[in-house]
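Here is the structure we will look at, set down as structure tokens.
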Amino acid sequence: MKLRLINAANRDGEADGRSITPAPPPRLGQEGRPVSFRRYLAAAEGGTHDELVHRFGGDYAAALVAGDPEVDMELVGRGIGETDTVFLSSTGEVMYAAPEIVEIVTGPDGVERERRTPVDVAGNVDLPEAPIRMGRKFRIADAVRQFLFTRTVQIRHTSGLEYDWLHGIAKELAGEGVMVLLAGGPKGRDPLVFQTNGTPWRGFLEGRVADEGRYQLLLHLSKMKLERPSGEPA
Amino acid sequence: MARQIVLEFDGTEVAFDFSAVDRAKLYGRKRRVPLDRSGQPCTRAALTRDGSVIVRAGMTAQGFFDDAGVWIPNAELVGLDADGRPLPKVESTLGVPVKLEVAAPQDLLDHAVGTLYALVGTPPAALLGRLEAGEIFRFPFNYRADWRGEVAFLVQSTADDMLYALVGKPAPGQWCSLQTMPPPADEQPDDELDFEMF
């Protein structure tokens, strides 16, 4: 992804952003015996729990033993490859027209607070007219105890000029031992949104430098403070 | 009795009850819901590519099979390394004393934190003092036995002064130098960040 930043000296530029992800979990299998993961049909439409309850009542075990009504020999066991999403109405029928989409807001207690028409929110990390701005600085040791960081995007240069610029930012932040809050939008106060309707994140930029001109610019993303819900035991 | 996180600090063991904290519990959540003509929520289903079957909830199962199509029970599966060799099993750390080690803030930042636990317990005064002073500690963590352990970080929050365990997997950044250029856009791996509206 591309990010457009402006530094403390009001110099803006574009940089490359790459999410940092942990190594994938080990694959499962058996030594010396190739295995493959498959998703398959375990029941046909007439064999789901709801349908069996409808046909035989809640205690349908005897019916299963007597006649295997849940097994459709034509379908059960068939592998499922690629599929398309379809919507089913509340009565279980396929919808042939696009459903109406509403946005439902629920409180921390899980109770619905508001139901509204959703509004698309565009991404704001690559806007020439509103580059991402640097704001308040936090000591790294304090920030990691105040916010929960769950994602990190590494910012890298794509040209020699960008190298000088980004290395300079990293060096300055590392020297101060701080992370700087990054914000987007026209006033430079909005959370970072990486794509249309994406999650809004608070972004904190950390810099590291090492010998031979090496650097790391890490944009740590947070969407919550390190705090527990009210009413939970202390 | 629920299993606990048991930490060892300077030869003293302290047990913590723990509970997961997520954003929805703190701030609530927003979600987009499709409605049918009567204003009731729709459900999603999958249509096979040949259009012959609508796969509804409860109609599928999944598992591992050998080349002959024989199902392999999960209990017979093991984690394999890149060369196909079995990995040693990593046992659960719950209920087992694990040693605390001092960690740097950057050590925590070099992990992709996936789970946040609020801790309830009475740590020794010496440990509490160091946490209040801003020190961070790390310890091995594995919720259930599997093939890869995780790392947890013990911190005292400055937001509410409570103790938390942040559990994650190593995800360090890479050093960049003048000669290091990112691959062209068409060679970049898929962006795995999930920025879906929640």
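Structural remarks
- Cα-based helix-to-principal-axis angle, A:160-176 vs chain A, degrees rounded to 10: 90
- Å³ per residue enclosed by the Cα convex hull of chain B: 275
- Antiparallel bridges, percent of DSSP beta bridges restricted to the protein assembly as shown (to nearest 5): 95
- CD proxy at 222 nm, helix term only [per DSSP H run n ≥ 4: -39500 (n - 2.57); per residue of chain B; nearest 500]: -2000 deg cm²/dmol
- The mean count of C-beta atoms from other chains within 10 Å of the C-beta of residues in A:200-206, rounded to a whole number, is 1.
- All other residues whose Cβ lies under 15 angstrom from that of B:GLY168 are scored, Lys and Arg at +1 and Asp and Glu at -1, for a net of 0.
- Residue (of A:VAL119, A:PRO99, A:SER230) at the positive-pole extreme of chain A, dipole from beta-carbon charges: A:SER230
- Within region B:23-124, GluC sites (Glu not before Pro) in DSSP loop having at most 16 other beta-carbon neighbours inside 10 Å: B:GLU91
- Under Karplus coefficients 6.51, -1.76 and 1.60, residue-wise ³J(HN,Hα) of region A:25-38 in Hz, glycine/proline x: x, x, 6, 8, x, 9, 4, x, 10, x, 10, 9, 8, 9
- Ordering A:ALA61, A:GLY32, A:PRO131 by Cα displacement along the dipole of chain A toward the positive end leaves A:PRO131 in first place; charges were set at the Cβ atoms of Lys, Arg (+1) and Asp, Glu (-1).
- Across peptide B:12-24, the average count of Cβ atoms from other chains found within 10 Å of a residue's Cβ is 2.
- Value of Rg/Rh across region A:158-234 [Cα atoms, Kirkwood radius]: 1.10
- In a DSSP loop and with at most 10 other Cβ atoms within 10 Å, there are no chymotrypsin sites (Phe, Trp or Tyr not before Pro) in region A:169-234.
- Here the protein assembly as shown is treated as a Stokes sphere of Kirkwood radius computed over C-alpha pairs; at 25 °C and 0.890 mPa s its diffusion coefficient rounds to 97 µm²/s.
- Residue-wise HN-Hα couplings along region A:53-61, as the Karplus relation 6.51 cos²θ - 1.76 cosθ + 1.60 with θ = phi - 60° gives them from phi, are 4, 4, 7, 10, x, x, 9, 9, 4 Hz; Gly and Pro carry x.
- Computed about its Cα centre, the charge dipole of chain A is approximately 1400 debye, with only Lys, Arg, Asp and Glu carrying charge at their Cβ.
- Cα-centre dipole for region A:149-200 with unit charges at Cβ (Lys and Arg positive, Asp and Glu negative), debye to 20: 200
- With N counted as the residues of chain A, its alpha-carbon radius of gyration over 2.2 N^0.38 Å works out to 1.50.
- Shielding of B:105-118 by partner chains, average beta-carbon count, 10 Å: 5
- Estimated [θ] at 222 nm from DSSP helical runs (n ≥ 4, -39500 (n - 2.57)) normalised by residues in chain A, nearest 500: -5000 deg cm²/dmol
- Local electrostatic count, A:ARG4, Cβ distance below 10 Å [Lys/Arg +1, Asp/Glu -1]: -3
- Over 29 Å (Cα to Cα) - which of B:LYS30/B:LYS99; A:LYS225/B:LYS89; A:LYS137/B:LYS169 fall in this group: B:LYS30/B:LYS99; A:LYS225/B:LYS89
- In this calculation the C-beta distance from A:ALA63 to A:ARG113 is compared with R0 = 41 Å, giving a FRET efficiency of 0.40.
- Simple Cβ-charge dipole of the protein assembly as shown, Lys/Arg +1 and Asp/Glu -1, about Cα centre, in debye nearest 20: 1120
- Sites matching GluC sites (Glu not before Pro) across region A:141-218 that sit in DSSP coil, with at most 16 neighbouring C-beta atoms within 10 Å: A:GLU212
- Along chain A, counting only trypsin sites (Lys or Arg not before Pro) with a DSSP assignment other than H, G, I, E or B and at most 13 other Cβ atoms inside a 10 Å radius, the longest segment between sites is A:12-186.
- Taken one residue at a time, the phi angles of region B:65-79 give Karplus couplings (6.51, -1.76, 1.60, θ = phi - 60°) of 9, 7, 5, 8, x, 8, 5, 10, x, 4, 5, 9, 8, 10, x Hz. Gly and Pro are set to x.
- Label-zone membership for region A:16-47, site B:ASP67, 7 angstrom Cα→C-beta point, backbone N under 18 Å: A:29-38
- FRET efficiency estimate (nearest 0.05) - Cβ-Cβ, A:LYS171 to A:VAL71, R0 56 angstrom: 0.25
- Choice from B:ALA57, B:ALA159, B:ALA125 with maximal GNM fluctuation in chain B (Cα, 10 Å cutoff): B:ALA57
Values quoted throughout were computed directly from the atomic coordinates according to the rules given, and no laboratory measurement underlies them. The structure presented is a predicted model; accordingly, all values stated were derived computationally and were not measured. Note: ideal-geometry Cβ built from the backbone for every residue, glycine included; neighbour counts use all protein chains shown.
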